[in-house]
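Okay, structure first, notes after.
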Amino acid sequence: MVLKKLLAAGLVAGVCGSAQAQVSPGHVKDLSLLVAPDMPCVWPVGMTPIAVIPTKTFGLSPVHRDLIVIDEHTGTQWDAPAHFVPPPGSGADGAGPNGLITNEKVPAWQFCGEACVIDITKHCDEARDGSSFLIGPDIVKAWEEKHRSLKFGDVVLFRSDYSDRYYKPFPAGERFVASALRKDTAGWPAPTPETMAYLASKGVMTLGLDGASMGPLPDLAVATHQAGGQRGMIWTECATNLGSLPTTGSFYALLAAKHAGGSGGECRCIAITEPSLAPKLIAAARKKQVVDLSVTLHEDYPITWPGYGPGEEASRYVSKTLNAFSKARGPYFAMTHLLDSQVGTHVVLPSFSRPDEEFRAENYSDAVQASLKKFEGKFGPLGRATITIDQAGLDQTLGRTHVIDVRSLVGSTKATEWPASPQITVEFLKQHEAKHPIRPSEVVVFYSGYSDKHFKSLPAAPELDSMFAAPLAGKSEGWPAVTPEAVSYLADKGIRCIGTDGPTLGGVGREQALFSTWMAAARGMFVVEYLTNVGAIADKPSFFLFAPIKIKGTRGGYGRALAVLLDQ
């Protein structure tokens, strides 16, 4: 309570340099639709329905895991050029070099910029049934005459309020896409190919709209997609809440799942409207000062938790082509995925390891009960948690980055003690703080270089991968582990989010890892695990961005982590 009062009065260092450490919830706008089976989040023709299937839950397991079945183009989503531009040499109409620009090849800077909201709400239903109102270049030019010329680093967002009106649970949700495809109702407003060409001529490389597709009904969808994709543009579809943004001046970020070879994918879109911070983020984005901190999701890489032993493995990542410019199925490329909710770079919520009020501790296995008794005897009650990914505040995983270099700890364990991880202790943190004080609401990120070194293709069996399997088997040193005492120390400092470039927070020791996870949960902290490329921001001021895909009811969430390099 005292800390909150001091922060409110500006008497505690809640800022670092001239940039805020934390953004208040009121200045973070969620522009993303809820993904759920009862919502019209999946295109109703030729796509895979969304499914969330619990694979582990509280009892035998101390945590809850979900298997997710999801197409790339589900809910709020984005298109890479490869979605509608066939690769060169394919012989397909519109083929070109940009057909090789898949999800993971889009540069990080292109996911950020200044939101320029073009209001077309009066045209939302201004079309005949089965057709879209066409957003022509004249509408964009009229906006420019009233406001300012568009330029590189702008993200043009067409606001019609279509998703705000029509994205509803079924059966009302039929109005979002299905009834328009049946020609029973008007479709969503969308730009013409000429509009895409005009925006590209102004230097605009990123777009968005709150309709179901950038392609207008009934017959310009391919032409509009190709007009943008052939110019290297990307865009968000199925955004929402665009009315919460000012016409210009807010910082926009597209935080997308990083699927190898993907046509785009499911994403979380946010905007920051804080008046002193947004201009700094926008200025940095215009200079392409954006760093990707996320591992790539690939079937042949170690991106899923293998467990400490048989029966503990999380669901493996499966990525398959759903459609590949098939004449029978359509002139587009898309993929579908099966994955654990905490695949690759992901956030761990308190509810991942804290059950809700209805669960009774005596329902845990004997082993988990023994660990819980030991934890609570030393640290106090674990408590309960109910907040899932769709309910979690976005502001907690955004903030000024505070990188703690722990590379000096690598190699500090003895082979005779393995499996073991180097320990990030309270004493280590205090030594760091002697030169670099930790300030409330910063996002503390531990930099060990572990993922940079060990994130590589899985070896042929029986060789063990060096990311997970070898250290868990005691064949090599584990990744640096944050002790539960260190987690508590950071919480006392006002830290609400911890990041690590190890695949998990707690290292290879089973009980300590569980204790560190429980401690973060007990203190209400979010943990972003499996970052990479942290060295790119280690000695630079930056602002950390992470947001998980908004899937209803999940207790951990995968997504994209970015950092914006600030000038001060």
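Yes or no: the range 318-340 includes at least one residue that is among the acidic types (Asp, Glu) and within 19 Å of the chain's Cα centre (by Cα). Checked the range 318-340: at least one residue is among the acidic types (Asp, Glu) and within 19 Å of the chain's Cα centre (by Cα). No other residue among Ser466, Ser448, Ser441 is touching a Pro at 6+ places or on another chain (Cβ under 9 Å) and crowded, with 22+ Cβ neighbours inside 10 Å apart from Ser448. Within the range 46-92, the residues that satisfy the criterion of being surrounded by fewer than 24 Cβ atoms within 10 Å (Cβ to Cβ), in contact (Cβ under 8 Å) with a residue 12 or more places away in the chain and on the phi > 0 side of the Ramachandran plot are Gly46, Gly59. Restricting attention to the range 338-356, does a residue exist that is surrounded by fewer than 16 Cβ atoms within 10 Å (Cβ to Cβ) and not in a helix (DSSP H, G or I)? For the range 338-356, residues surrounded by fewer than 16 Cβ atoms within 10 Å (Cβ to Cβ) and not in a helix (DSSP H, G or I): present. Among the residues of the range 368-391, are any among the aliphatic types (A, V, I, L, M), surrounded by fewer than 19 Cβ atoms within 10 Å (Cβ to Cβ) and without any contact (Cβ under 8 Å) to a residue 40 or more places away in the chain? Yes, the range 368-391 contains a residue that is among the aliphatic types (A, V, I, L, M), surrounded by fewer than 19 Cβ atoms within 10 Å (Cβ to Cβ) and without any contact (Cβ under 8 Å) to a residue 40 or more places away in the chain. Touching a residue at least 12 places away in the same chain (Cβ under 8 Å), assigned by TED's automatic domain parsing to the domain that holds Gly411 and within 23 Å of Pro306 (Cα to Cα): is that true of Pro437 in this structure? Judged against the criteria, Pro437 is not a match. Check whether at least one residue in the range 490-502 is among the aliphatic types (A, V, I, L, M) and surrounded by fewer than 19 Cβ atoms within 10 Å (Cβ to Cβ), and report yes or no. Within the range 490-502 (the criterion being among the aliphatic types (A, V, I, L, M) and surrounded by fewer than 19 Cβ atoms within 10 Å (Cβ to Cβ)), the answer is yes, since at least one residue qualifies. The residue that is nearest to Thr517 (Cα to Cα), among those in the range 357-386 that are aliphatic (A, V, I, L, M) and not in a helix (DSSP H, G or I), is Leu382.
Filtering the range 86-107 down to residues that are at pLDDT below 95 and either in a helix (DSSP H, G or I) or of a type in the set (A, V, I, L, M, F, W, C) (or both), which residue is farthest from the chain's Cα centre (by Cα)? Across the range 86-107, the extreme among qualifying residues is Ala92.
For the condition within 25 Å of the chain's Cα centre (by Cα) and within 21 Å of Glu485 (Cα to Cα), Val368 does not qualify. For the range 550-568, a tally of residues being farther than 20 Å from Val343 by Cα and in a loop (DSSP other than H, G, I, E, B) returns 3.
Return yes when Ser412 is in a loop (DSSP other than H, G, I, E, B), hydroxyl-bearing (Ser, Thr, Tyr) and surrounded by fewer than 20 Cβ atoms within 10 Å (Cβ to Cβ) and no when it is not. Against the criterion (in a loop (DSSP other than H, G, I, E, B), hydroxyl-bearing (Ser, Thr, Tyr) and surrounded by fewer than 20 Cβ atoms within 10 Å (Cβ to Cβ)), Ser412 qualifies. When Lys540 is tested against (1) under 26 Å from Cys112 (Cβ atoms); (2) under 20 Å from the mean Cα position of the chain (by Cα), only condition (2) is not met.
On the given criteria, is Tyr308 surrounded by 14 or more Cβ atoms within 10 Å (Cβ to Cβ) and assigned to a strand (DSSP E or B)? It would help to see each step written out before you state the result.
Values: surrounded by 14 or more Cβ atoms within 10 Å (Cβ to Cβ): yes; assigned to a strand (DSSP E or B): no.
The answer is no for Tyr308.
The residues on offer are Phe515, Phe526, and the sole one that is of a type in the set (Phe, Trp, Tyr) and within 17 Å of the chain's Cα centre (by Cα) is Phe526.
The values are calculated or read from the model by the stated rules, or taken from the named source; none is laboratory data. Computed from a predicted structure; not experimentally measured. Ideal geometry is used to build each Cβ from the backbone, glycine not excepted, and the neighbour counts take in all protein chains shown.
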